[in-house]
1. Among the listed residues Ile771, Ile756, Ile784, which satisfies the condition of being modelled with pLDDT of 90 or more and under 28 Å from the mean Cα position of the chain (by Cα)?
2. Would you check if Cys201 is over 22 Å from Ile96 (Cα atoms), at pLDDT 95 or above and assigned by the TED database to the domain that holds Arg73?
3. What number of residues in region 672-686 are buried (at least 21 other Cβ atoms within 10 Å of the Cβ) and at pLDDT 80 or above?
4. If Glu376 satisfies every condition in (1) within 23 Å of the chain's Cα centre (by Cα); (2) open to solvent by less than 20 Å² (accessible area, probe 1.4 Å) but one, which is the exception?
5. Just one of Glu238, Glu187 is touching a Gly at 6+ places or on another chain (Cβ under 8 Å) and not assigned by the TED database to the domain that holds Phe291; which is it?
6. Take Asp294 and tell me if it is open to solvent by 10 Å² or more (accessible area, probe 1.4 Å), among the acidic types (Asp, Glu) and touching a residue at least 12 places away in the same chain (Cβ under 8 Å).
7. Any idea which of Val104, Val17 is modelled with pLDDT of 90 or more and not basic (Lys, Arg)?
8. Residues in region 446-454: is at least one under 19 Å from Asn307 (Cβ atoms), assigned to a helix (DSSP H, G or I) and of a type in the set (A, V, I, L, M)?
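The values are calculated or read from the model by the stated rules, or taken from the named source; none is laboratory data. Keep in mind the model is a prediction, meaning the values are calculated, not measured. No Cβ is skipped: glycine too gets one built from the backbone with ideal geometry, and neighbour counts run over all protein chains shown. Surface accessibility is based on the protein's heavy atoms, side chains included, excluding ligands, DNA and RNA. Shrake-Rupley method; radii C 1.70, N 1.55, O 1.52, S 1.80 Å.
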Amino acid sequence: MTEDRIAPPFLAGVAFVSLTTLLFEILLTRIFSVTMWYHFAFLAISIAMFGLTAGGMAVFLLPQVFTPAATRRQATIAAVAFAALIVLGFLAHLWIPFRFEASVAGVGSVTLTYVLMALPFTASGICLTLALTRFPGAVGRLYAADLAGAAAGCLLLHGLLQVLDGPTAVVMAAFAAALGGWLLAWEAEAPRLGLLALLICLATGGFSAINKGRIAEQDPLLKLRYVKGEIEGPALYEKWNSFSRIRVYGDPDWPSPPFGWGFSPFFKPSILLPQLVLNIDATAGTVMTRFNGDLRPLVHLRHDICNVAHALRQPSDVLVIGAGGGRDVLSALVFQQKSVLAVEINEDILHLVNGVFGEFTGHLDRVPGVRFVADEARSYVARTGERFDIIQVSLIDTWAATAAGAFALSENGLYTVEAWQTFLDRLRPGGLLTFSRWYADGKPWEMYRLVALGMAALQRRGATAPRAHLALLKVPSPTQTGSAGDGVCTILVNRDPWSEADRQALTAVASAQGFEVVLAPDFCRSADLAALTDPATFESFVAGHAMDISPSTDDRPFFFNMLRLRDVLEVGRWNDGVVAFLCGLLVVVTGLTLGAIGLPLVLAGPRPGESGWGTPLVFFAAIGFGFMLVEVSLIQKLQILLGHPTYSLVVVLFSLLLAGGAGSWLVRDRPLTRRLAAGRLGVLLVLLTGVAIGWPALLAWAQPGSTGLRIGVALGLLVPLGLCMGAVFPLGMGLAGRRHPGMAPWFWGVNGATSILGSVLAMVLAFGWGISVAFRAGLACYAIALLAAWWMAGPAPTIPGEEAAAGSDTP
């Protein structure tokens, strides 16, 4: 072991390396969501943890290379290499055309991306392993610096993407890594390495400063090349933030046929309109339409099935969820509604529509009766005291990974039973909740799931005849779907049972527009819909259906993924890519984890005095699984409470990591006793049990509260948990080091490998059985860790040349 003297520059260097590690990891989730597909953003988590584990195992397997005497210098080399590999690996990724297909090219593109992106994290893993395993007397302080640096990375991400784009933020991550390398070089008294680190700082910092000006001019020097496997064309405008990349393209002076999601088959457009495409993460899109105050050219909006509710309720106060390019706002104006409140989660989209392109869109925010709010819609609706006649949600998807949500493969909280209950509660008597979605004529599973959501929400509100509240219309839209039998459907959920006058009006509108009534209080097009909307057969029909059309809930919010885990091998079903990818990733990562744990022991061979490591193995595996299971579950749970993705990133990750660092710092220099082990882990188990039992009541109480109250509640949960969770790793390293001082890098690697598997396992459990099950699995892992720690804290053997700590039960 090396001398435990740790100077502030070394602690700061470790913090900067950890900061960069998490910053680069989260940036990759953002970039992968654009260059690949949204569920591949989760791959970034696996890549980062795999690289970190590989670095730890390298230190364990190559003791002749990573000698104790050279620890500081080698940590510096790894940090500087980390900075260089970030830039080189990312540049290489930009030139790899991604192919999401079962072919040699498809597998090769994913594999090459994985390897190239894992190399920087391997260098980071070497640096952090050396720091955290070679100074046993200072592990509490070092782990505190590690977690505090990671917490700072969460904050820095949001700030960077407010002023830079994704590629330039990656370059700035390399700057932070190089700064960490310079600090470590200072401590290691390695001037040449320090000079190299400073040169990298100057190069990356100078480039970022120059490119910042080019970004403002919409002409960056560094940009994405391949997006979804194709070379990306130019754009009129591009802006990144922590949960999206928005682009606008098209010709503002070139008229084109009016855009619609599901036009009436009787509608024949006679007017061409200038329109621009607004695209989010190269997948989800909408349009901005030129508007000069004259509504007559917008007559096409009267013929879109998404706007049926407007024809039935006039004049009305309308809430639009997902303002986008302003199309639904224009629809309400065309129908001469009294007022429109448009809620948009992405503040940059509102700035784009009403600011950057305000002259084109007609400054909709200045139109009398129109208001825009930048907020997460469900959270806003839960807090507002306003009531509405229509709440409209038109084809809102979640094909993008948020910076925090990528840790949990997040879905949209708008499509859950609890969300629909909230929306129905905010309607006036006779008010309509309307959702529009795609439907496939031969696979109407999304349509069925919408109906199931409506049924479940109405039943929870006490409706004894829920079908009396429902109506469903559809229209073929081959221009949008590419198939003559496919199209768009709109569900109308009435707060009260449909009156006879309402039914006649609905029939008249559908007949005039050529929309097909699929479901009405007195009509069902199919026996399946009849069974689905009959309370007596609802549950049995849902359970027996070939697809998972069960109403999604806050505990299982995966509306868009309808393939059950048991059917993962049955390819060709509806939207099976995500489930297949997740299960395939679980298999691969399980194999890698077993290899990462077992292979180093085989390659290293037996070491004198290094037997009986089974209990430490159980301990570090348990806390690796437990931390990720709990963290992923908390991110999902608190996203519902906090609403906005930025709050989830800053509040959840930042506070959990920072509190973890404080917890690690607090156990420094404490005698390693059974009382300390049982105390820290016992309190943690009590806190986790309290969250598991009390979360539903706490959410119901806090969600309607102010932003400050909701953040305060989140901090009240996270800080105590973080304090306890942060103390566990240094406690384990101290206990294991008394018996197995030469195996610390392997224990670090075990913790990292099981964290990789734990992150994937958390999603598999949440997807199949619910977030609460994943959370309880994390609680069980910490219970196992408590038992292992109790055994390790017993009387330790005397290690020659070292002073063994006593195993007494007094601190």
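1. On the way: Ile756 fails: modelled with pLDDT of 90 or more; Ile784 fails: under 28 Å from the mean Cα position of the chain (by Cα).
Among Ile771, Ile756, Ile784, only Ile771 is modelled with pLDDT of 90 or more and under 28 Å from the mean Cα position of the chain (by Cα).
2. Working: over 22 Å from Ile96 (Cα atoms): yes; at pLDDT 95 or above: yes; assigned by the TED database to the domain that holds Arg73: yes.
Against the criterion (over 22 Å from Ile96 (Cα atoms), at pLDDT 95 or above and assigned by the TED database to the domain that holds Arg73), Cys201 qualifies.
3. Adding up the residues that qualify gives 3.
4. Only one criterion is unmet by Glu376, namely (2).
5. On the way: Glu238 fails: touching a Gly at 6+ places or on another chain (Cβ under 8 Å).
Of Glu238, Glu187, the one residue that is touching a Gly at 6+ places or on another chain (Cβ under 8 Å) and not assigned by the TED database to the domain that holds Phe291 is Glu187.
6. Values: open to solvent by 10 Å² or more (accessible area, probe 1.4 Å): yes; among the acidic types (Asp, Glu): yes; touching a residue at least 12 places away in the same chain (Cβ under 8 Å): no.
Against the criterion (open to solvent by 10 Å² or more (accessible area, probe 1.4 Å), among the acidic types (Asp, Glu) and touching a residue at least 12 places away in the same chain (Cβ under 8 Å)), Asp294 does not qualify.
7. Numbers: Val104 fails: modelled with pLDDT of 90 or more.
Among Val104, Val17, only Val17 is modelled with pLDDT of 90 or more and not basic (Lys, Arg).
8. yes
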